[in-house]
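Notes to accompany the following structure.
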Amino acid sequence: MKFLILVAIIGAALADESPLKAILKSPLATLKLYSSFKGEQHLAFQAAEDRLRFRLFRKNAEFVAEENSVEGEMAKFALNFFSTMTESEKQAWLGFNVTGAELSPQAPSSPMLSASSLPPTKLWTNEDKVTAVKNQGGCGSCWTFGAVGGLETRYAIKSGVLRNFAEQEYLDCVYEGQRDGCGGGWMNACYEYSATAGGRLAKSVDYEYTGRDGYCQGSNKPDGMIAARIKGNVPVRKSEAANVEALAEGSLAVAFEVTNRFYSYSSGIFKDTSCYSWPNHAVTAVGYTPLYVLVKNSWGKNWGDQGFVRFARNHHNCNLWNYSSYPELSETGVADNGGNDEKTDYTADEEVKPDPDPECVDVYPPCYEYWCDVDYVRNDYCRKTCGVCDENACPSGTIRCSDGVCRHEHMC
């Protein structure tokens, strides 16, 4: 009933705009939406803080409503757990930082492949070579997740076994004695650490993630690199073509600049033109199609498209192509017989499929089926979700009663 009550408050008189925009015009409906949101997110604040969080929520709701109304926008945006955070709280979820790092030369990792020899689509998620989405939390450890993601798919290709490796070992050990790993870092340093430690990295099950930088226990944990060793870091040339070429052979650790639009991303193909600074977040590229590059984030499955984002091809994507790398692996000749770790259940579409009826779309996505009981929402905003593309059809879960009106069966 969450949004049903809110939408009903607005009434059919406001049917010329999106439900969220209509809700935001009513202080009472906005407060009810905020209360519902806090319940869904399991949030509770004292009175003074609650007023601050409500202002942040309303600002973000207005932003989401505006972005979703932009004509021609290929991505969709939604409220999420960032919607009540301050800017400093949001930034704690980033962490790409190359300050003081000695940048490796940008050289090709292998002989150049001709464009015609590359597969037009390569999605490692669809080949069971990507682990389940992880969550870094409010520690700026994205650089460890980007690096581990860049390793896991390539190890799976080498060994035939999908292994969930330990971000915590990198967080504890890479900058030990230098700085707090939750304050940021970069992926190349992870691979270089492993190389100097004999090519090792623990499995997550043996070195669990805590979300804080602790004492390095790398030498005390079992080595999870059974079938291959990490010999070092392989940089990728700074171009989209080079990144796609490297992606055809395995996953990549990549970085880009996060903007407000990215925090609110929900689904679709993301093309950000609002960035203006340097990369601040590390992630893992896990595939591509002619239309987008698929990226696995480290903010859990409740962010974005089940934890993933699709970056538009033929676009700079806020420096996405400029800091990419992957680990150089050497096979040990030893079989990894430990069995596969959990893979992601996300399956990416290889192409964007047109709607069966191009005239029948959700005007305000995302729509929810429980909105469909409200006539003007069903008929004016959410026709596709509510199954009324065919004017004679009834919404999902209802039937046409003898009087010609669509209702739930028990109400006929």
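Brief remarks follow.
- Among the residues of the range 313-343, those identified as among the charged types (D, E, K, R) and over 18 Å from V286 (Cα atoms) are E331, D336.
- Of the residues making up the range 55-86, those that are among the β-branched types (V, I, T) and not in a loop (DSSP other than H, G, I, E, B) number 1.
- Cβ pairs under 7 Å, 6+ apart, first in the range 190-216 and in the same structural domain as G150 (by TED's automatic domain parsing) and surrounded by 21 or more Cβ atoms within 10 Å (Cβ to Cβ), second part of a helix (DSSP H, G or I) and among the polar types (S, T, N, Q): C190/T144; L201/S194; Y207/Q168
- Residue count for the range 245-270 under the criterion of being under 27 Å from S88 (Cβ atoms) and either charged (D, E, K, R) or not in a loop (DSSP other than H, G, I, E, B) (or both): the result is 12.
- On inspection, S251 fails the criterion of being surrounded by fewer than 24 Cβ atoms within 10 Å (Cβ to Cβ) and modelled with pLDDT of 95 or more.
- Of everything in the range 142-165 that is surrounded by fewer than 24 Cβ atoms within 10 Å (Cβ to Cβ) and small (G, A, S), the residue that is farthest from W124 (Cα to Cα) is S159.
- If you go through the range 271-294 and keep only what is over 13 Å from the mean Cα position of the chain (by Cα), hydroxyl-bearing (S, T, Y) and either part of a strand (DSSP E or B) or buried (at least 24 other Cβ atoms within 10 Å of the Cβ) (or both), you end up with Y288, Y292.
- Taking residues in the range 223-244 that are in a strand (DSSP E or B), and partners anywhere that are basic (K, R), the pairs with Cβ atoms closer than 8 Å and at least 6 places apart or on different chains are A228/K158; R229/R200; I230/R200.
The values are calculated or read from the model by the stated rules, or taken from the named source; none is laboratory data. Worth saying up front: this structure is predicted, and the values here are computed from it rather than measured. Here the Cβ is made from the backbone with ideal geometry for all residues, glycine too, and neighbour counts use every protein chain on show.
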